[in-house]
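Working notes for the structure below.
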Amino acid sequence: MNFIHQRQTVSQPAEGLMPSGTAHHEQVVARQRRGRTWAVVFQAAVLAGILALCALLFNILNQSFGYVAIVNTIDPSELAVEGLPLNELPKDKLVEILEANISAGLMRRYENDMPFTERSRENVHDLILERVVEPQVQATWGLFDSIFARGSVFAEAEERFPGSEVYFRSWLTTSFISKSQSSEPLRAGVRTAIFGSLWVVAITILFSFPIGVGAAIYLEEYAQKERLLNRLIQTNINNLAGVPSIIYGMLGLAIFVRILEVITSGAFLGIGDQSTANGRTILSAGLTLGLLILPLIIINGQEAIRAVPSSLRQAGFGLGATHWQVIWHHVLPSAMPGVLTGTILAVSRAIGETAPLVVVGASTFIALDPSGPFSKFTVLPIQIYQWTSRPQDEFRNLAAAAILVLLILLLSLNASAVLLRNRFDRSRAVS
Amino acid sequence: MTVAIKHPAQAQTETVSLSPNGTGGNAIEAEKMSVFYGDFCAVRDVYMKVPSNKITAIIGPSGCGKSTVLRCFNRMNDLIAGARIEGEVFFQGQNIYDSDVDPVEVRRRIGMVFQKPNPFPKTIYENVAWGTRINGFRGDMDEMVERALRSAALWEEVKDKLQQSALGLSGGQQQRLCIARAIAVEPEIILMDEPASALDPIATLRIEDLMKELSEKYTIIVVTHNMQQAARISDYTAFFSVDDKRTGNLIEFDDTEKIFTIPSQKSTEDYITGRFG
């Protein structure tokens, strides 16, 4: 009643309050101009992002490829026997050369690792390159200089490192991926770090996906949202998603490495190497990262479940389905693409995490492949971090190559997850 | 422990309930049923005896609690947080709000078709088959699906694309699929909440024809805000109105013919003739 009364008291608008004619036209033009200005601002924001990404990629690629100046301790041509160059010699000659140039102790060690009679010719050849020729990197140049300032690169190499061999080197090679760590930059590889990352991520997914999705289902479908306890839990999960990752590292150190050492070191199964692993294992790392991404998976899962239209639930209930049947047959399949998207993002974050693993105790030098959840480990980000903190230039090149490996690993894991999700989508919406 | 809903035996004592002069038993009887959402009383003190194997229409202005009442008949309101029902709703002599009655059991025997067609994002076949499968159907599934689709007058249109997504059907076809899906679990009552309001006139007519056919086997209760539709298809009509506290009340429940020609209540007449609502 009150409302109607008010309307009656409002007088008719006076003439000329709304712009008309040219005034209206100009006003529209002004409004459109304002809109275009904002569009330009947003485009600039996107452009800035793309530029930043390009700069990053340029930096990485620049470091990953380029000229290197190398000085050999012994020139391979000096090792030629009877006019035959090193790489054409038969195996027995190569063994002789090796024996003549390295200490007897080292020779015995190689013999113990694998008798020379069983070693292949290539293997012995590699040993000679490694121990006798002993190439040393003197300087490296970036990809940009190598392409556009080739002359000055060679001139500089000639001047500063006379007698050095200058050649174009890709730091990202198949041997970089397949070789394990080494303190010699030319022989170092990321094989152990790749295996470490894969192991840790596998444990992270196995731990956090079922628990995260389960918690999301409980919170969305079963928990009474008005209850104080549930509101408290919900708020805390949201806050946990923003806790700095190093805090999770401390948590992992306290709980998985120290308190649960018996389990995480594998001692309860009688396996695992006490002297080296002592709880600083792949299992601890995987569980720590699992805790780290658990809130993300729960929140994303909840959002995906909430987005399932209520009409779908009602249709299920209306046919006499139980709550669980509705969840299992309708809610979860509809929510799964969203749940998987959230999981992909969370796992991507886990792959790139460094800080918590430093605290949990990733090793920086691992020459042996991890053999299971109870091995000590290193992961790609740790490896990159360790290489970038070395004083020598060439380790920076290794780090750049390792970053490329990490990016490729990340992209391929994401791509496979996206493919999986799309398959899920397609199989549901049969056309 | 849940108790199976008994078959009609206990006759309910005569109350002040509004009831049309139907013969041949009642499918569902509401006794002093009130619905609350939190503190708000949405519908108050409904007495209603819905006759079997007839079409009963529920009409009334927006917000008068038509849909709320309908959803009480198969306990769909249980799904709404904060909803509370007082009074009793008898289905075959059993109060479906007794603590030992499982709403899951009620909902198979009192099916529902919703306002907006809501097929599952699965194949047409699976849409029909799913409800029966979860309810333990153990016969020939192909035959059952065909029978349900034929009953819903949809078989001829979809028989060649049973394995295609139900979402590819037109709105009217989707709604008939939802009816087929509801029929498939062999309910005794079908509740329809404005089943044709999202459809064009031709699809609406097909649904109405279908409801006529189905009323031979099933009791149908349909909420509609289309009075012509109520007049065309229903045997009985219940008129709900809303008071100044926005609480819905059942005003009149009688033969459709009577409601639309000589209603006993002034407010019914006002509504029917378009002077209100």
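The values are calculated or read from the model by the stated rules, or taken from the named source; none is laboratory data. Worth saying up front: this structure is predicted, and the values here are computed from it rather than measured. Using ideal geometry, Cβ is built from the backbone for each residue, glycine included, and neighbour counts are taken over all protein chains shown. The accessibility values were calculated without ligands, DNA or RNA, using every heavy atom of the protein model including side chains. Shrake-Rupley method; radii C 1.70, N 1.55, O 1.52, S 1.80 Å.
Here A:Val124 meets each of (1) open to solvent by 60 Å² or more (accessible area, probe 1.4 Å); (2) under 21 Å from A:Ser182 (Cα atoms) with one exception, condition (1). Reported count of residues in the range A:162-188, each being in contact (Cβ under 8 Å) with a residue 40 or more places away in the chain and not in a loop (DSSP other than H, G, I, E, B), is 8. For A:Ala362, the requirement of being open to solvent by 30 Å² or more (accessible area, probe 1.4 Å), away from every other protein chain (no Cβ under 14 Å) and part of a loop (DSSP other than H, G, I, E, B) is not met. Screening A:Ala157 with (1) open to solvent by less than 40 Å² (accessible area, probe 1.4 Å); (2) in contact with a helix residue (DSSP H, G or I) (Cβ under 8 Å, 6 or more places away or on another chain); (3) under 17 Å from A:Val68 (Cα atoms); (4) not β-branched (Val, Ile, Thr) gives one miss only, at (2). Of the helices (runs of 4 or more DSSP H) lying entirely inside the range B:174-270, those containing at least 2 residues that are within 18 Å of the chain's Cα centre (by Cα) span B:201-214, B:227-233. Among the candidates B:Ser99, B:Ser52, B:Ser62, the residue that is touching a His at 6+ places or on another chain (Cβ under 8 Å) and away from chain A (no Cβ under 14 Å) is uniquely B:Ser62.
Report, by residue number, each residue of the range A:315-345 that is within 17 Å of B:Ala129 (Cα to Cα) and either more than 9 Å from chain B (Cβ to nearest Cβ) or among the polar types (S, T, N, Q) (or both). Within the range A:315-345, A:Thr322, A:Gln325, A:Val326, A:Trp328 meet the criteria.
Does B:Val128 satisfy the condition of being aliphatic (A, V, I, L, M), within 21 Å of A:Ser334 (Cα to Cα), within 14 Å of chain A (Cβ to nearest Cβ) and open to solvent by less than 10 Å² (accessible area, probe 1.4 Å)? For B:Val128, the condition - aliphatic (A, V, I, L, M), within 21 Å of A:Ser334 (Cα to Cα), within 14 Å of chain A (Cβ to nearest Cβ) and open to solvent by less than 10 Å² (accessible area, probe 1.4 Å) - is met. Check whether at least one residue in the range B:142-158 is in a loop (DSSP other than H, G, I, E, B) and within 12 Å of another protein chain (Cβ to nearest Cβ), and report yes or no. Looking through the range B:142-158, none of the residues is in a loop (DSSP other than H, G, I, E, B) and within 12 Å of another protein chain (Cβ to nearest Cβ). Comparison of A:Ala254, A:Ala241 shows that the only residue that is assigned by TED's automatic domain parsing to the domain that holds A:Val347 and without any contact (Cβ under 8 Å) to a residue 40 or more places away in the chain is A:Ala254. For the range A:43-73, taking the residues that are in contact with a strand residue (DSSP E or B) (Cβ under 8 Å, 6 or more places away or on another chain) and not in a strand (DSSP E or B), the one that is farthest from A:Phe154 (Cα to Cα) is identified as A:Thr73.
Return the residues of the range A:329-358 that are open to solvent by less than 30 Å² (accessible area, probe 1.4 Å) and among the β-branched types (Val, Ile, Thr); say none if nothing qualifies. Matches in the range A:329-358: A:Val331, A:Val339, A:Thr343, A:Ile344, A:Val347, A:Ile351. For B:Glu188, the test of being surrounded by fewer than 22 Cβ atoms within 10 Å (Cβ to Cβ), touching a residue at least 24 places away in the same chain (Cβ under 8 Å), out of contact with any Lys or Arg (no Cβ under 6 Å at 6 or more places or on another chain) and over 24 Å from B:Gly274 (Cβ atoms) is failed. Every listed requirement among (1) facing chain A (nearest Cβ under 9 Å); (2) under 19 Å from the mean Cα position of the chain (by Cα); (3) not in a helix (DSSP H, G or I) is met by B:Gln163 save one, (2). Once the range B:42-98 is narrowed to residues that are in a helix (DSSP H, G or I) and open to solvent by 10 Å² or more (accessible area, probe 1.4 Å), the residue that is nearest to B:Ile251 (Cα to Cα) is B:Lys66.
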